[in-house]
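> Before I ask anything, here is the structure I am working with.
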Amino acid sequence: MADRVQVGVRDIEDLRGTHLARADQDDLLAAQTECTVAYTSREGWPAAVVMSFLRHDGRFWLTAVAGRDHLESLRLDGRLTLVVDNRGTGLPGRRMLAVQGTAVVHDDRETKDWFYPAFTERMAAADPAAFVRLLDSPNRAVLEVTPTGRQKSHDSRRIAGDGRGGAGS
């Protein structure tokens with residue numbers, strides 16, 4: 001088998017080998033607090049919204065208010081994709097992780113009681129108790145997203161010139 005030319009030297013059509021390593025996925029998920037949630041709207045259209053998340057016990061946890069399209073759509077069809085990237089984190093390169101999963105909507109007090117304090121701590125609120133009071137409104141729900149195991153990732157640091165052309169690394 002002929003030696004492969006490093007990705008990004010001639011072109012960037014074949015991106016095999018540019019996945020985000022497991023340790024780098026963990027670093028990304030620890031550093032980032034926001035993700036894009038892609039779902040199918042109640043009208044059947046592709047839709048997306050940016051949300052803050054907490055990762056706990058291998059699942060993603062988010063919160064939304066009843067009546068919002070993303071929450072009501074996910075009550076009907078829990079399939080979604082979460083996309084997390086490194087923008088704003090200070091992590092070098094361009095990193096992306098897309099995780100397919102299924103969402104379950106929780107309205108119960110027990111879930112809210114553990115989630116709100118953990119979520120506000122993750123969001124580094126200046127006054128976590130005030131943030132919990134703000135979140136703990138009558139129509140708010142908590143989304144639990146269980147990954148299905150199907151995911152895609154990208155790490156531009158594995159491409160010559162960080163994927164923008166230039167010398168191989």
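> How high is the FRET efficiency between SER137 and VAL50 when r is their beta carbon distance and R₀ equals 25 Å, given to the nearest 0.05?
Numbers: r = 20 Å, r/R0 = 0.80.
Using R0 = 25 Å, I get an efficiency of 0.80.
> No solvent, one uniform scatterer per C-alpha: report log10 I(q)/I(0) for the stretch 36-169 via the Debye equation at q = 0.09, 0.12, 0.18 1/Å, two decimals.
Evaluating at q = 0.09, 0.12, 0.18 Å⁻¹ gives log10 I(q)/I(0) of -0.33, -0.55, -1.04.
> Using a 1.4 Å probe on the protein heavy atoms only, what accessible surface does HIS19 show? Give it in Å² to the nearest 10.
Per-residue accessible area (HIS19): approximately 100 Å².
> In what order, largest first, do GLU121, GLU34 sit by accessible area if the probe radius is 1.4 Å?
The ranking, largest first, comes out as GLU121, GLU34.
> Share of the stretch 31-169's accessible area from carbon and sulfur, percent, 1.4 Å? Mind dumping the intermediate values first?
Details: 3780 of 7420 Å².
About 51 percent, which is the carbon plus sulfur part of the accessible surface.
> P(r) for the stretch 29-105, please, calculated from all Cα pair distances in 5 Å bins and given in %.
In order of increasing distance, the bins hold 3, 15, 27, 25, 15, 9, 4, 1 percent.
The values are calculated or read from the model by the stated rules, or taken from the named source; none is laboratory data. Because the structure is predicted, anything quoted here is derived from the model rather than measured. So basically every Cβ, Gly included, is an ideal-geometry build from the backbone, and we count neighbours across all protein chains shown. We work out accessible area using only protein heavy atoms, side chains counted, and drop any ligands, DNA or RNA first. Shrake-Rupley method; radii C 1.70, N 1.55, O 1.52, S 1.80 Å.
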